[in-house]
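Q: Dumping the structure here so I can ask a few things about it.
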Amino acid sequence: MKATTRLRRMLSSGHLVVAPFVLNAFHAKIAEATGFEAVYMTGSGTAAERGFADVGLITQTEMVQNARYIAGAVSVPVVSDADTGYGNPINVWRTVREYEDAGVAAIHIEDQLSPKKCGFFEGKEVIPQDEMVQKIRAALDARRDPDVTIIARSDAYAVTGGEDTVTRCQAYIHAGADMVFVDGIKTVEDLQAYAADLKDVPRMYNGDLLPTQEVDKMGYKLMICGATTWKVYLAVKDSFEELKTTGQINLDRWETRWDYPNLLGLEGIYEMEQRYGVSETPARL
């Protein structure tokens, strides 16, 4: 079954789909091996890996390339950030084609003014509602696989307030978007209001304010969890500080040091080496 179709079925199952943030294909493979049924390619993480804050400095080409690596590395559906669609509705049309060709199952396009910013940063601006509606129409026209999920993200909550956000989300659904995504939710009260005001609308949530079980009870269809990237940052930072301070890294589970090469397919490479005569007796780790 296609990843796009699998995601559609998961989203209509009545249970929350949880997709952790992944920065790259390596992280995606870890998430899949852990048992997650979907992963989310983060735009902020893609920018961070290239040394930039999430303020619109990453191009469509860079984003699509990362999405392609991730989708090619895992069998689970990939939900991906597509920023503003990288221009007007014509640019959105091409953006959808590029992401679909990369193998992602869903993308979200936001109503921010370009250059965009992370949904939790200050200084965001939003485009007129009607302009975003045209972007959604272009996105729907562009997809060749009708099971590709088009998610309309609104960043208006912190800019023009809750009432305008609800109006926008309803307009985006009316235009044909499969789901809405209100970003920048910072309190449990806002999360509850978001659920209540858009009760009958398929909703996506980005955050870690409540456990996934509680978010599921609120009727959300999809949850992406950004705290996974902050934990990656802390783990790497702590490891570097340990090496700098003590002169070595202490591994409590040294015997698992080769888990990640095997996760990346090392055993399969050894088998191919033998099959194709590249190596008669491959070294074992």
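Taken together, the values in this text are just the output of simple stated rules run on the coordinates, not laboratory data. Predicted, not measured: the structure shown is a model, and the values here were computed from it. Note that each Cβ is placed from the backbone with ideal geometry, even for glycine, and that neighbours are counted across all protein chains shown.
Q: Which whole-number percentage describes the relative contact order of segment 1-144, with Cα contacts under 8 Å and a sequence gap of 6 or more?
A: Computed value for segment 1-144: 23 percent relative contact order.
Q: Taking the Cα centre of each part, how many Å lie between segment 167-213 and segment 1-53?
A: So the two Cα centres are separated by 19 Å.
Q: Further, regarding this structure: Cut-off 10 angstrom, C-alpha nodes, Gaussian network model of the chain. Which of ALA138, ALA235, ALA175 fluctuates the most?
A: Sorting by GNM fluctuation, first place goes to ALA235.
Q: Treat each spin label as a single point 7 Å out from the Cα along the C-beta direction, and report the LYS217 to GLU131 distance in nm.
A: 4.1 nm
Q: Explain nothing, just the number: relative contact order of the chain, from Cα pairs under 8 Å at least 6 residues apart, as a whole percent.
A: The value is 17 percent.
Q: GNM, the chain, Cα, under 10 Å: largest mean-square fluctuation among ARG137, ARG257, ARG68?
A: Greatest mean-square fluctuation among the candidates belongs to ARG257.
Q: Sticking with this structure for a sec: Starting from the 7 Å offset along Cα-to-Cβ, what nm value, one decimal, do you get for the label separation of PHE26 and GLU189?
A: The two pseudo-label positions are separated by 4.3 nm.
Q: Averaging over every viewing direction, what projected area does the convex hull of the Cα atoms of segment 113-213 cover, in nm²?
A: Orientation-averaged projected area of the Cα hull: 6.9 nm².
Q: Right, another one. Using 0.36 nm times the number of residues separating GLU122 and ILE269, minus their current alpha carbon distance, what extension gain do you get?
A: Result for the pair: 48.2 nm of gain on full extension.
Q: Taking amide H positions as placed in the peptide plane 1.01 Å from N, state which residues far from ARG153 in sequence (5 or more) or on other chains have amide H under 5 Å from it.
A: Excluding prolines and chain starts, which carry no amide H, the hits are ILE109, GLU110, ASP111, PHE181.
Q: Let me ask you something else. Rounded to the nearest 500 deg cm²/dmol, what is the calculated helix-only ellipticity per residue at 222 nm for the chain, with -39500 (n - 2.57) per DSSP H run of length n ≥ 4?
A: Calculated mean residue ellipticity at 222 nm is -14000 deg cm²/dmol.
Q: Moving on. Most fluctuating residue of TRP230, TRP93, TRP258 in a GNM of the chain with Cα springs under 10 Å: which is it?
A: TRP258
Q: To make sure I understand, if each residue's beta carbon is the centre and we count other beta carbons within 10 Å, what order do VAL159, VAL104, VAL278, VAL148 fall in, fewest to most?
A: Fewest-to-most ranking of VAL159, VAL104, VAL278, VAL148: VAL278, VAL159, VAL148, VAL104.
Q: Report the normalised scattering of the chain as log10 I(q)/I(0) at q = 0.17 Å⁻¹, calculated by the Debye formula with identical scatterers on the alpha carbons.
A: So the normalised log intensities work out to -1.40.
Q: Quick one: which of 1-7, 217-223, 207-213 comes out on top by average Cβ neighbours within 10 Å, and what's the full order, highest first?
A: Per-residue Cβ counts within 10 Å, averaged per peptide and sorted highest first, yield 217-223, 1-7, 207-213.
Q: Order of HIS174, HIS27 from fewest to most other C-beta atoms within 10 Å?
A: Ordered by Cβ neighbours within 10 Å, fewest first: HIS174, HIS27.
Q: Once you have the alpha carbon radius of gyration of segment 235-275, what is it after dividing by 2.2 N^0.38 Å, with N set to its residue count?
A: Rounded to two decimals, the normalised Rg is 1.67.
Q: For labels at PHE240 and ILE90 in the simple 7 Å Cα→Cβ model, what's the distance in nm?
A: 4.3 nm
Q: Taking amide H positions as placed in the peptide plane 1.01 Å from N, state which residues far from TYR205 in sequence (5 or more) or on other chains have amide H under 5 Å from it.
A: Long-range HN contacts for TYR205: LEU222, MET223, ILE224.
Q: Next question. Mind sorting SER114, SER279, SER75, SER80 by how few other Cβ atoms lie within 10 Å of their own Cβ, fewest first?
A: In order of increasing Cβ crowding within 10 Å: SER75, SER279, SER114, SER80.
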